[in-house]
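In what follows, a structure is listed as structure tokens, so that the remarks can point back to it.
The values are calculated or read from the model by the stated rules, or taken from the named source; none is laboratory data. What you are looking at is a predicted structure, and each value in this text was computed from that prediction instead of being measured. Cβ atoms come from the backbone with ideal geometry, glycine included; neighbour counts cover every protein chain shown. SASA here: full protein model, heavy atoms, side chains in, ligands and nucleic acids out. Shrake-Rupley method; radii C 1.70, N 1.55, O 1.52, S 1.80 Å.
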Amino acid sequence: MKACIYTRVSTTSQVDEGFSLAAQYDQLVKFVEAQGWDLVRIYTDPGVSAKDLNRPGIQEMIADLKDGKFETLIIHKLDRLTRNISDLYDLVDLVIKKEIKLISLSENIDTATPMGRMFIYMLGILAQMFRENLSQEIKKGMTQRAEQGFRNTFAPYGYEINEEGTLTIIPEQAELIREIFDMLLIKKWGYSTIAKKLNERNETGIRGGIFHGSSIERILNNHTYAGMNHWKRKELSEDQRIIREGGHVPIIDKETFERAQNIIGRRSRKEMSRSSFDYPYSTIIHCGKCGAPYHGMTQTYKRSTKYYYYRCNGKTLGKCDQSDLSEVNFEKLFFKHFDFTREVNYVEVAAAKEDHEKERKRIERDLNKSEQRRKNWQYAFGDGKMPYEDYTKLMDEEMNRVHELNQSLRDLPTDKTTTLTRNDVIETIAALKENWNFVERINRKEFINSLFKRIDILKTGKVWEIVQTDFV
């Protein structure tokens, strides 16, 4: 049997009786001789801590173990290998996989025996508990950093981290970021289309690779570009993301970012047309009978004249009998409807703003009170007047409340938000009626998408009507 021994002692324990390198060596060598085994190697780490496996002696031992240079490893005590239970389990697991016997003389452990294998099983449970607890502590720490406005992530495309650890703009990349937002906001392109256009120009991503739809999606949803630091745990929903002022120079302004989020949100909820600019009302018009969206279609007459019309998707699938509707007739119906409803359903914007301001002040008062409560608990805990369990429970509950308050604050319209009333929309449409035929189709589509989530139409007999409008 080819055997090796490993010894280690830290400088602080050199004086402890029985822990010196000489004492460990004598005990282990005598054991090997008593077994009649062949001692092929002695590994040692004198005066080194066991906080991890970053030690020359044990690294050499692990390399030889993997190469199969010995069959048995004998140690004085398990903590000679490492004091980190996770590292210890990984090391012992490697020993088992390589079919090497591990013997610890002080603890009477031999992995070749049932009791030794039981120990490994229990060690695995402890290691798992250690890892889970470590993971939770790391997540708590990152959450606290995020709540305080610090970054937990690397520098995204468009930025680099300087010597002070703060984000600084990379001008050429920042210009591309701004263009990506314009592609969404102005051209209304989707993620894949934007990626395709950039790749056609041989633009490169953060690691020099090509752009994908997923990378464009991450860019357009990244709060960092609007000057914010943000973070959330992977298992949490997006509305639980922690967002704070970052202190770095933004690449785009907050209003631009919010406009982008509005378009992304509406597309995900299918409230906004993704189709060609040739069809301004596609997917905005919905069938008042089956609820399906209408999609734009064309027919060409005399080789050059295009006839635009819209068809219910339910009809395409054979599930609805509503007729097709020409674009010309829809526009007549559209303007007639808003002429008729021009003077109804006013919304008092001033009153709404006043309500929003009252709610904002209430939330800010609650946040200030919460901050004071947390300070009081910290002082009480620091002075020994509050048990740790009570402190952590109160802080966890309060931070959940702070998150909800901050989310409510973010949901309130800002001073820059333009609040359109129903009457504003009606007045705008009435003003455009006379000039609609001179408006380019691309601009018609942007106008319709900026005002409406959907317009429901229904044909009764031979008469079409707009039965419902849902504004943005």
*Are there any pairs with C-beta distances below 8 angstrom linking a residue in region 189-205 that is in contact (Cβ under 8 Å) with a residue 60 or more places away in the chain to a residue that is part of a loop (DSSP other than H, G, I, E, B), with the two at least 6 apart or on different chains, and if so which?*
190/274
*Output the residues belonging to region 307-329 that are closer than 15 Å to residue 281 by Cβ and of a type in the set (Lys, Arg).*
311
_Filter region 1-43 down to the residues that are under 51 Å from the mean Cα position of the chain (by Cα), open to solvent by 60 Å² or more (accessible area, probe 1.4 Å), modelled with pLDDT of 80 or more and not charged (D, E, K, R) and list them by number._
42
*Is it true that some residue in region 65-84 is open to solvent by 70 Å² or more (accessible area, probe 1.4 Å), touching a His at 6+ places or on another chain (Cβ under 7 Å) and at pLDDT 85 or above?*
no
*asked:* Give me the residue from region 101-133 that is of a type in the set (D, E, K, R) and open to solvent by 90 Å² or more (accessible area, probe 1.4 Å) and, out of that set, modelled with the lowest pLDDT.
replied: 132
*How about region 159-182: which of its residues are in a loop (DSSP other than H, G, I, E, B), of a type outside the set (Ser, Thr, Tyr) and open to solvent by 50 Å² or more (accessible area, probe 1.4 Å)?*
163, 164, 165
*Within region 248-336, which strands (runs of 3 or more DSSP E) (wholly inside it) include 2 or more residues that are open to solvent by 30 Å² or more (accessible area, probe 1.4 Å) and among the aromatic types (Phe, Trp, Tyr)?*
305-312
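Per-residue answers, yes or no, for (1) open to solvent by less than 60 Å² (accessible area, probe 1.4 Å); (2) under 15 Å from residue 188 (Cα atoms); (3) under 34 Å from the mean Cα position of the chain (by Cα):
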residue	(1), (2), (3)
433	no, no, no
436	yes, no, no
441	yes, yes, no
456	yes, no, no
460	no, no, no
*Check whether at least one residue in region 158-172 is of a type in the set (Val, Ile, Thr) and without any contact (Cβ under 8 Å) to a residue 60 or more places away in the chain, and report yes or no.*
yes
_Any chance residue 427 is at pLDDT 75 or above, surrounded by 13 or more Cβ atoms within 10 Å (Cβ to Cβ) and among the acidic types (Asp, Glu)_ = no
*Among the residues listed as 207, 201, the single one being of a type in the set (D, E, K, R) and under 23 Å from the mean Cα position of the chain (by Cα)*: 207
*Report the residue count in region 278-302 for those that are out of contact with any strand residue (DSSP E or B) (no Cβ under 7 Å at 6 or more places or on another chain) and on the phi > 0 side of the Ramachandran plot.*
2
*asked:* Within region 141-153, does at least one residue satisfy the condition of being at pLDDT 80 or above, among the small types (Gly, Ala, Ser), surrounded by 13 or more Cβ atoms within 10 Å (Cβ to Cβ) and in contact with a Leu (Cβ under 8 Å, 6 or more places away or on another chain)?
replied: no
*Could you please let me know if residue 87 is farther than 13 Å from residue 8 by Cα, in a helix (DSSP H, G or I) and in contact with an Asp or Glu (Cβ under 8 Å, 6 or more places away or on another chain)?*
yes
*In region 203-247, how many residues are open to solvent by less than 30 Å² (accessible area, probe 1.4 Å) and in a loop (DSSP other than H, G, I, E, B)?*
5
